[in-house]
Amino acid sequence: MASVRAVSALCREMGAITLNSRMILATTVFAPNSLQQVRGFKIRHVNMPAPGDRKNYRYKVHFPEDGQYTIKHLKTTKLGGRDPETGRIIVGTLGGGAKRNYRWIDWFRTGPKDGTFLEERVISVLYDPNRSARIALVGCGTNLRYIIATENMKSGDLIRTSSYIPRIPVRPKEGDAYPVGALPNSTLVNCVECQVGDGARLVKAAGTAGIIMRKISDKVIVQLPTKREVALDPECMVTVGRVSNILHGQQHVGSAQRRRWLGKRPASGLWQRKTGYHGRKIRPLPPVKFYGPLKPEPTIMKFTLDSEGPSRPIIPRTNRVT
């Protein structure tokens, strides 16, 4: 406080400005440590991972080392809401639960582009503990894979996959996969690709479905379950129909113990779902989101030092011009 009094006295003598002790304290520079509270403000560490970054904090899947697709159940390691890299707790309401094995879903429904189709038979419709929708084991010859089952899919059905876009829209059948540009308007779709060859990214939860609204020049507008519209390339693959297990959101948990079996820890109880009793703000829908083609991976050029001359780049063998 001695320094504060000295500065105040100096200001009075100068007569130009007037400062008080509160202003001096407000302009004082603090150098607190991370997670230290200074006058009611909490300073967070810059390296702390922020929630909502679309990571899986529930479990970690141990995929095969060779990367070969398999229908065998894969082992998982529970994370309990922690970040697998830093070990920090990101989601405090996750942890425990019954042991689960992972079913590897094939998100790529691609077929021939010459007008023919790939035909597969549904062997069985199964329960998957890692997602809300049901999955289907389908096979063609000796190739077996898991896909997301549609609402009315059952064992013994034949489903087709084609990447050909005809001049006249095809007649959609539930469970078949086509490019979004080959289907007529008002068709219900799921497992929507955002970019060509990137696999299904949208509309994969139980009971959800998107709607093909209209076609504008070289884009197809699809309305998502959230009423948002996205503009996709006509070659993006989609599956016809609604996702299975449409009663998922209407099922009652029944007990607190069942929530623990599902891997959910007790919450504080302060958060309550809004009921609409006090009204809601009416906001306009966001604008249409356009998705473009995938960006090519950058070419890696390696340089080396040569004692006889200047350094020269070594171009990978796949990119050499012949």
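The values are calculated or read from the model by the stated rules, or taken from the named source; none is laboratory data. This one's a predicted model, so the numbers in the text were calculated from it and none came from an experiment. Every residue, glycine among them, receives a Cβ derived from its backbone with ideal geometry; neighbour counts consider all protein chains shown. Heads up: the accessible areas ignore ligands, DNA and RNA and are worked out on the full protein's heavy atoms, side chains in. Shrake-Rupley method; radii C 1.70, N 1.55, O 1.52, S 1.80 Å.
Please verify whether the range 267-281 includes one or more residues that are in contact with a strand residue (DSSP E or B) (Cβ under 7 Å, 6 or more places away or on another chain), farther than 30 Å from ASN152 by Cβ and not charged (D, E, K, R). Scanning the range 267-281, I find no residue that is in contact with a strand residue (DSSP E or B) (Cβ under 7 Å, 6 or more places away or on another chain), farther than 30 Å from ASN152 by Cβ and not charged (D, E, K, R), so the answer is no.
If you filter the range 197-228 down to residues that are of a type in the set (Val, Ile, Thr), over 17 Å from the mean Cα position of the chain (by Cα) and open to solvent by 40 Å² or more (accessible area, probe 1.4 Å), you find that the one that is nearest to ARG167 (Cα to Cα) is ILE216.
Scan the range 173-196 residue by residue and report those that are in a strand (DSSP E or B), among the aliphatic types (A, V, I, L, M) and open to solvent by less than 40 Å² (accessible area, probe 1.4 Å). Selection gives ALA177, VAL189, VAL192.
Based on what the data block shows, is ASP176 acidic (Asp, Glu) and within 26 Å of the chain's Cα centre (by Cα)? The answer is yes for ASP176.
Find the residue count for the range 278-322, including only residues that are of a type outside the set (Lys, Arg), modelled with pLDDT under 80 and not in a loop (DSSP other than H, G, I, E, B). Matching residues across the range 278-322 total 6.
Scanning the range 154-169 for residues that are β-branched (Val, Ile, Thr) and crowded, with 19+ Cβ neighbours inside 10 Å turns up ILE159, THR161.
Screening the range 82-153 for strands (runs of 3 or more DSSP E) wholly inside it with 1 or more residues that are open to solvent by less than 30 Å² (accessible area, probe 1.4 Å) and basic (Lys, Arg) returns the ranges 143-148.
Regarding the range 229-245, can at least one residue be identified that is surrounded by 10 or more Cβ atoms within 10 Å (Cβ to Cβ) and modelled with pLDDT under 90? No, there is no match, as no residue in the range 229-245 is surrounded by 10 or more Cβ atoms within 10 Å (Cβ to Cβ) and modelled with pLDDT under 90.
In the range 240-277, what residues are within 30 Å of LEU183 (Cα to Cα) and part of a helix (DSSP H, G or I)? Correct list: HIS248, GLY249.
Look at the range 279-304: where a residue is hydroxyl-bearing (Ser, Thr, Tyr) and a partner is open to solvent by 100 Å² or more (accessible area, probe 1.4 Å), sitting 6+ places away or on another chain with Cβ atoms under 9 Å, you get THR304/ARG312.
Count of the range 247-257 residues, restricted to those that are within 25 Å of ASN56 (Cβ to Cβ) and either open to solvent by less than 90 Å² (accessible area, probe 1.4 Å) or in contact (Cβ under 8 Å) with a residue 12 or more places away in the chain (or both), is 4.
Is it the case that some residue within the range 124-139 is of a type in the set (A, V, I, L, M) and touching a Cys at 6+ places or on another chain (Cβ under 7 Å)? The answer is no; no qualifying residue exists. Sub-8 Å Cβ pairs linking a first residue in the range 204-226 that is among the hydroxyl-bearing types (Ser, Thr, Tyr) to a second residue that is open to solvent by less than 40 Å² (accessible area, probe 1.4 Å), at least 6 apart or interchain, are THR208/ASN190; THR208/VAL243, ordered by first then second residue.
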